[in-house]
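S.K.: Okay, here's the structure, questions in a sec.
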There are 2 protein chains.
Amino acid sequence: MTKQNTVHAINCMLYPKSIAIIGASADANKLNGRPFYFMRRDKFGGRIYPVNPRYDEIHGVTCYPDIAALPEPPDLAIVAIPAVHCKDAIVQLGQKGCPIAVVFSSGFGETGEVGRVMERELLNAAQENGIRICGPNNLGLINSFNNMSATFSQYADLPPIPGPVAFATQSGAFGTGIAALARSRGIGIGYFVNTGNQIDINLMEVLETAIDDERINVIAAYLEGVTNADALIRLANKAMNLVKPFIVVKVGRQAAGARATLSHTGALAGNDAVFDDIARQYGIIRVRNEQQMVDLMATFSFTKVPLGKGVAIVTQSGGAGAMMADRAEELGYKLPVPSGQTRARLQELIPTYGSYGNPIDVTGQFLADPRILKGSVEIVLDDPAFDIAVVWLQLMHGYADFLLDIFCTLKERVSKPFIVCWIEPPDKIRDAFNEIGICLITGTEQVIDAVSGLIEFGCACKRCAEQESPIFSSKPLNSYESTRLPSKIVYEMMTSAGLPVVKCAFASNSDAAAAAADKLGYPVAVKIESSQISHKSDVGGVALDLTSADEVRTTVSEMFSMINVTRPGLRVDGVLLQSMVPAQTEIIVGMRRDPVFGPILMIGLGGVFVEVFKDTVFARIPVSSADAYYMLENIDGREVLDGVRGKNAVNRELITKLLVAVSNFALKYPEIEELDLNPVLAGPDGVTVVDWLATGTFLLDRT
Amino acid sequence: MTKQNTVHAINCMLYPKSIAIIGASADANKLNGRPFYFMRRDKFGGRIYPVNPRYDEIHGVTCYPDIAALPEPPDLAIVAIPAVHCKDAIVQLGQKGCPIAVVFSSGFGETGEVGRVMERELLNAAQENGIRICGPNNLGLINSFNNMSATFSQYADLPPIPGPVAFATQSGAFGTGIAALARSRGIGIGYFVNTGNQIDINLMEVLETAIDDERINVIAAYLEGVTNADALIRLANKAMNLVKPFIVVKVGRQAAGARATLSHTGALAGNDAVFDDIARQYGIIRVRNEQQMVDLMATFSFTKVPLGKGVAIVTQSGGAGAMMADRAEELGYKLPVPSGQTRARLQELIPTYGSYGNPIDVTGQFLADPRILKGSVEIVLDDPAFDIAVVWLQLMHGYADFLLDIFCTLKERVSKPFIVCWIEPPDKIRDAFNEIGICLITGTEQVIDAVSGLIEFGCACKRCAEQESPIFSSKPLNSYESTRLPSKIVYEMMTSAGLPVVKCAFASNSDAAAAAADKLGYPVAVKIESSQISHKSDVGGVALDLTSADEVRTTVSEMFSMINVTRPGLRVDGVLLQSMVPAQTEIIVGMRRDPVFGPILMIGLGGVFVEVFKDTVFARIPVSSADAYYMLENIDGREVLDGVRGKNAVNRELITKLLVAVSNFALKYPEIEELDLNPVLAGPDGVTVVDWLATGTFLLDRT
């Protein structure tokens, strides 16, 4: 299918002028009756063609006995008939000239192998007849701008509110819950799309089309797994270019969740840590749960992105101020202190038992004098140290109008963004705020998370604007049998690709080793070379700090004879000699071909950091210098890079160069499947790869 | 003040039969008018005596011109007059025989030094006249069982609901928000008490009395700092003994929040990590924010504590199931798998596209057949692998009665606890659930956090039941000038206290050192002894692995001469000789006198774990064996103790013995202020203290 075809089909699905409902029913309680009921209720302006041999008309509209009888090819077909009949319907719809069908029917891939076979047949039928499929096992979609509810989702039980959010979800039930939660907060969802089993059209493609709508400012997705990484990255890049945030909830963060997902949709969950880091790399805002997602929908719907990280906290409760300050610090923000001038102005306004630092505690006294609250927000946002303000309140049910007045004035007067956190607000406030366009959050830590989402998005936009769009990487390797490659070959590839590898020599016997060591200079390390050994030191195959040719000769002879005795029949290719590198900070760099994301790069701190804390950062290749710096910033134990326990700070620039070089290496040698550089010794003046292991999918002449 | 006096005063405050309102007003919008208004509205059964020379009567009740004129000593007085007049009122109330006053007035310690002086004067006046004070700067309290709202909090704007929670808060505004949030969730708060500046009665004392009420099953506190650790621990112990959970929100988790708190109430925030670990040690359930607190209030109000950790997840959305499974795993729970028999029974009930593992996906089909949902919960709770179930739903506004029926039956039939997570539930469900006594949580991750609270409480009860109540520790030392103690003295104290210290000898010259080394056996380490040096290796004062008397003699001579040259005038006391201990897993054990909690014990993994990850665990001394084991379980990188990077697993029992020994050491030597054992080398067969540093507050004969 071409890109154009996909875009055309999705456009037909999102903006249909005519909709055929295959298997339509007059019963609004049945899933095949609900779309028609909703669209009549909401006065959808397009043409609806029910198709069902059992009726002549439904709701006074002609009902057609079959697809062939339709008066025109519909822009969109809803298929709501048993799974076994779907293929026929798709063939007929294709032949009629319908570009796309939303298939509600379940009983496909989600039920097991038989269903998967049916799914493949359905897709084949669609491709042969030039029609696209959204679903199956799908509860449909809504374009609320056009009152087009081609869905049986309970979300449409109340009329959807149009608005700036396009929300696509793999899960029908959970997606319905999230959308309903958003509506109850007054957040308008312009497009709601469930993509179900995604045998053809996927969620990313739907959002890639929806994001072009000028009325859409936020895109949001509920994911259970990523099957098409290129589509994800393309969408993320497009969102960045259009400066529209892309918010994602993805389950399967832990093994248990990933297993649960696999069992219910068959989506490939992939390695969640890789997803997490790649999302960050491309500016995708990942949230944990439905509440955070809806908070961020509200935040981005109503609030401008701040130009910097300066958060001002204005509160009427010192305790709430402290909780917000705690959360901000935990997320890595430093709360700026107001300037002397700002403090002086605040001090004039706020009672003595308040506080003028940050958090700014205006006290309950503002109820007697509204200028205290209004003025404090204005004064603090006047200070160049601050880019965004949070105002915290609770209850005040007797003062709703009074406070509404304050916030209306503020919204007019201040140009920097602010968010209101209100615990148990009066009912009227929520509606009024939605109308004025003020974001309301109802949890004290939640509001800081929301501000953080805004700030992180702003930073991602800057970061992504500063670098070229990454080239799309090649498809991941299929799972050929992969072999471990001889050190020597990998060494040559690495040095020719400009990786900073320790000086090495290879020798097949003890005399050659002694001669090679003389050339390298002393001290040297000697390591046995055999592709049949994984852990060289376990077989006595490593000797360090040898200081003379004699020592090298004796050591190598002894190593050979000992291994001959302890591991008879083992194929030994010779020894590897390396210059000794002084002990420095150990890091680990790796490259592998991810089944979802293609070649990915990994960096971690050596030793217990990787083993115990799994403290690694991933990025999708190609990795730019800026990406590489960003990787270093995201290592939890990055403090180690600045030098701890008497070690010097490492040279971060040299590490980023190594990362970029490994990224290029991965593109240059697609036949290398995995490369582990462990350890890499990093210091103030150098970065040296000391040991490595590579696997690949081709045969090499073993020397 | 005696304990009895405190309990009597608090009883009078919580259950007054007569209340005098000093500075009463007829205006229900004024803080001095609100308590009377609330109590009339709610038909408080006790006697109310307004006191104000400006009125003859208020709301038809006689108003007294002054305190002396009152017809009886009131059980409780509310003082709502300007700060400058409070002292007089307290004197008169005391003389009248009133046992306790709640002082609303602000303008005391929270405003600065002048206010702190006034506060001390107020307290002195109270003590001289035999009256207790709750506050000042306090918005009062509510006993909702008795319709007694001695408060001006907005929380009382709607009549409070009686119920099983006693909630005390240091912050008035934030506390009001939390209480209102609880009410909106249908949670009954039996006692709501704000303790304000706490110059006399503190929050812990109030809860210690309230918890004796049989109607109270949950106690909850909002804290800004802990000033009286003994009161906290006593309350926690009492809560454990009564099997009533003690839920705490404490701000000041990070430096920023702690600063913010200090600025607004002057409470001593203390070291938050210490608080966190000590709370866990004594079974206190610490939550992050108001939403988690209210969730746990609801959970404990309505749900039995499960007998084990087996969580069953029953869902109608695979995605939501995955999110809950993720969260459970993240919190350290292993979701049990249903037995073969259970699976078979589930399989008969649930459609093929559901899932029978855990999470159990019953699919939306239960709307057609209620037995699917009802039966699944019954079947799974029949399985001994499960102790508690979570049922996840969303919307279903058209099926509220249908579902209510299912849950009513379930509540009757199953004996194990369950919680319902419902995203955007129908309005009637919340009220109905509160009536039936089913806990409703409205967030997908939140419900797992709530279950975790229940389980953790159950575990804490078991843990605390298994050990004797800890003895209360002595008061912390005041800040005397503390000196570093000579290694030798500390060595002797440690060995006599049974700590496993490496074999040592001390010598003042090179010959004595050689002789001592001969006795110790080789290899030995030599370290310079000088109380003026902090880092011995920095001055060349450490030599390792010496293997003969000659080597020791030469090394010590050279060390002395070198230090003489590089650090002339340094006082050198001699050298310390130690047997060399083979490299093993490094841990750190420490003891210090915390200004709030008195002597505390610390354990951490050595090296980067402590330096970079701050991976330490604290406990209050005395530490039992069980406490010590629990400390080890709470180290993040505890995997290291099981052996990583080729090291053997350490002997955990020996470590716990060391911890208990250090705890005893701290009690035996109150003059030792701080003890650092760093490193302690731990292996499979031994635990050895290799280096130490102690400071203390007494003078010793320097040998």
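S.K.: If I filter segment A:35-42 for residues that are assigned to a helix (DSSP H, G or I), without any contact (Cβ under 8 Å) to a residue 60 or more places away in the chain and among the aromatic types (Phe, Trp, Tyr), do I get at least one hit?
M.R.: Within segment A:35-42 (the criterion being assigned to a helix (DSSP H, G or I), without any contact (Cβ under 8 Å) to a residue 60 or more places away in the chain and among the aromatic types (Phe, Trp, Tyr)), the answer is yes, since at least one residue qualifies.
S.K.: In the list A:627, A:701, which residue meets the criterion of being at pLDDT below 90 and either more than 29 Å from residue A:332 (Cα to Cα) or buried (at least 20 other Cβ atoms within 10 Å of the Cβ) (or both)?
M.R.: A:701
S.K.: Could you grab me the full set of residues in segment A:325-361 that are among the aliphatic types (A, V, I, L, M) and within 19 Å of residue B:251 (Cα to Cα)?
M.R.: Hits for segment A:325-361 are A:325, A:328, A:331, A:335, A:360.
S.K.: Consider residue A:630 against the criteria (1) free of Cβ contacts under 8 Å to residues at least 60 places away in the same chain; (2) away from every other protein chain (no Cβ under 14 Å); (3) not in a loop (DSSP other than H, G, I, E, B): it satisfies all of them except one. Which criterion is unmet?
M.R.: Failed condition: (1).
S.K.: While we're looking at this one, here's another question. In this structure, does residue B:424 turn out to be of a type in the set (D, E, K, R) and buried (at least 20 other Cβ atoms within 10 Å of the Cβ)?
M.R.: Yes, satisfied.
S.K.: Hey, does segment B:119-134 have a residue that's surrounded by fewer than 20 Cβ atoms within 10 Å (Cβ to Cβ), within 14 Å of chain A (Cβ to nearest Cβ) and not aliphatic (A, V, I, L, M)?
M.R.: no
S.K.: Mind counting the residues in segment A:335-361 that are more than 20 Å from residue B:110 (Cβ to Cβ), of a type in the set (A, V, I, L, M, F, W, C) and not in a loop (DSSP other than H, G, I, E, B)? Walk me through it before giving the result.
M.R.: Residues of segment A:335-361 that are more than 20 Å from residue B:110 (Cβ to Cβ), as a first pass: A:335-342, A:344-345.
After this cut, where a residue has to be of a type in the set (A, V, I, L, M, F, W, C) as well, the list is A:335, A:337, A:344.
Among the residues that remain, those that are also not in a loop (DSSP other than H, G, I, E, B) are: A:344.
Total meeting the criteria: 1.
S.K.: Pull up segment A:588-597, narrow it to residues that are β-branched (Val, Ile, Thr) and not in a loop (DSSP other than H, G, I, E, B), then point me to the one that is farthest from the other protein chains (Cβ to nearest Cβ).
M.R.: A:589
Quick grid of which residues meet (1) over 33 Å from the mean Cα position of the chain (by Cα); (2) more than 9 Å from chain A (Cβ to nearest Cβ); (3) not β-branched (Val, Ile, Thr):
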{"site": "B:327", "(1), (2), (3)": "no, no, yes"}
{"site": "B:330", "(1), (2), (3)": "no, no, yes"}
{"site": "B:341", "(1), (2), (3)": "yes, yes, yes"}
{"site": "B:353", "(1), (2), (3)": "yes, no, yes"}
{"site": "B:381", "(1), (2), (3)": "no, yes, yes"}
{"site": "B:395", "(1), (2), (3)": "yes, no, yes"}
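S.K.: Taking the stated definitions as given, is residue B:391 under 27 Å from residue A:169 (Cβ atoms), more than 13 Å from every other protein chain (Cβ to nearest Cβ), buried (at least 21 other Cβ atoms within 10 Å of the Cβ) and touching a Cys at 6+ places or on another chain (Cβ under 9 Å)?
M.R.: So residue B:391 fits the description; yes.
S.K.: Applying the selection to segment B:87-118, what residues are on the phi > 0 side of the Ramachandran plot and surrounded by fewer than 19 Cβ atoms within 10 Å (Cβ to Cβ)?
M.R.: Selection gives B:97, B:112.
S.K.: If you don't mind, there's one more thing I want to ask. Which one of B:662, B:572 is at pLDDT 95 or above and either closer than 25 Å to residue B:484 by Cβ or surrounded by fewer than 20 Cβ atoms within 10 Å (Cβ to Cβ) (or both)?
M.R.: It is B:662.
S.K.: Listed residues A:654, A:570; which is more than 14 Å from chain B (Cβ to nearest Cβ) and either without any contact (Cβ under 8 Å) to a residue 60 or more places away in the chain or in a loop (DSSP other than H, G, I, E, B) (or both)?
M.R.: A:570
S.K.: Kindly indicate whether residue A:688 is among the β-branched types (Val, Ile, Thr), in contact (Cβ under 8 Å) with a residue 24 or more places away in the chain and farther than 30 Å from residue A:234 by Cβ.
M.R.: It is true that residue A:688 is among the β-branched types (Val, Ile, Thr), in contact (Cβ under 8 Å) with a residue 24 or more places away in the chain and farther than 30 Å from residue A:234 by Cβ.
S.K.: Would you mind telling me which numbered condition in (1) in a helix (DSSP H, G or I); (2) within 17 Å of residue B:285 (Cα to Cα) residue B:332 fails?
M.R.: Condition (1) is where residue B:332 drops out.
S.K.: Output the number of the condition that residue A:115 fails; it satisfies all remaining conditions of (1) assigned to a loop (DSSP other than H, G, I, E, B); (2) within 28 Å of residue A:230 (Cβ to Cβ); (3) without any contact (Cβ under 8 Å) to a residue 40 or more places away in the chain; (4) within 12 Å of chain B (Cβ to nearest Cβ).
M.R.: All conditions pass for residue A:115, except number (1).
S.K.: Could you please let me know if residue B:320 is under 20 Å from residue B:393 (Cα atoms), at the interface with another protein chain (Cβ under 8 Å from one of its Cβ atoms) and either part of a helix (DSSP H, G or I) or modelled with pLDDT under 95 (or both)?
M.R.: yes
S.K.: Can you tell me which of (1) closer than 21 Å to residue B:15 by Cβ; (2) within 14 Å of chain A (Cβ to nearest Cβ) is the one residue B:79 doesn't meet?
M.R.: Of the numbered conditions (1) closer than 21 Å to residue B:15 by Cβ; (2) within 14 Å of chain A (Cβ to nearest Cβ), the odd one out for residue B:79 is (2).
S.K.: Would you mention how many residues in segment B:337-357 are under 19 Å from residue B:414 (Cα atoms), out of contact with any helix residue (DSSP H, G or I) (no Cβ under 8 Å at 6 or more places or on another chain) and of a type outside the set (Ser, Thr, Tyr)?
M.R.: 2
S.K.: From the list A:635, A:600, exactly one residue is crowded, with 17+ Cβ neighbours inside 10 Å, farther than 20 Å from residue B:606 by Cα and within 14 Å of chain B (Cβ to nearest Cβ). Which is it? Before you say what the answer is, go through the steps one by one.
M.R.: Details: A:600 fails: within 14 Å of chain B (Cβ to nearest Cβ).
Sole residue among the options that is crowded, with 17+ Cβ neighbours inside 10 Å, farther than 20 Å from residue B:606 by Cα and within 14 Å of chain B (Cβ to nearest Cβ): A:635.
S.K.: Can you find, within segment A:411-426, the residue that is farthest from residue A:315 (Cα to Cα) among those that are within 14 Å of chain B (Cβ to nearest Cβ) and not in a loop (DSSP other than H, G, I, E, B)? Give the derivation first.
M.R.: The first filter runs over segment A:411-426 and keeps only residues within 14 Å of chain B (Cβ to nearest Cβ), leaving A:420-426.
Add one more test, that the residue is not in a loop (DSSP other than H, G, I, E, B), and what stays is A:420-423.
Values: A:420: 10, A:421: 9, A:422: 10, A:423: 12 Å.
In this case the residue turns out to be A:423.
S.K.: Could you check residue A:644 against (1) modelled with pLDDT of 90 or more; (2) surrounded by fewer than 18 Cβ atoms within 10 Å (Cβ to Cβ); (3) in contact with a helix residue (DSSP H, G or I) (Cβ under 6 Å, 6 or more places away or on another chain); (4) of a type in the set (A, V, I, L, M, F, W, C) and say which number it fails?
M.R.: (1)
S.K.: Hey, among the residues in segment A:505-546 that are closer than 22 Å to residue A:693 by Cβ, outside any strand (DSSP E or B) and in contact with a helix residue (DSSP H, G or I) (Cβ under 7 Å, 6 or more places away or on another chain), which one's modelled with the highest pLDDT?
M.R.: Looking at the filtered set, the residue picked out is A:513.
S.K.: From the list B:231, B:220, B:179, B:239, exactly one residue is surrounded by fewer than 24 Cβ atoms within 10 Å (Cβ to Cβ) and not acidic (Asp, Glu). Which is it?
M.R.: Within the list B:231, B:220, B:179, B:239, the selection yields B:231.
S.K.: Next question. For segment B:308-317, indicate whether the set of residues that are at pLDDT below 95, at the interface with chain A (Cβ under 9 Å from one of its Cβ atoms) and either touching a Lys or Arg at 6+ places or on another chain (Cβ under 8 Å) or part of a strand (DSSP E or B) (or both) is non-empty.
M.R.: The answer is no; no qualifying residue exists.
S.K.: Look at residue B:287 and say whether it is within 14 Å of chain A (Cβ to nearest Cβ), crowded, with 23+ Cβ neighbours inside 10 Å and modelled with pLDDT of 85 or more.
M.R.: For residue B:287, the condition - within 14 Å of chain A (Cβ to nearest Cβ), crowded, with 23+ Cβ neighbours inside 10 Å and modelled with pLDDT of 85 or more - is not met.
The values are calculated or read from the model by the stated rules, or taken from the named source; none is laboratory data. Note that the structure is a prediction, hence the values are computed from the model and not measured. Cβ atoms come from the backbone with ideal geometry, glycine included; neighbour counts cover every protein chain shown.
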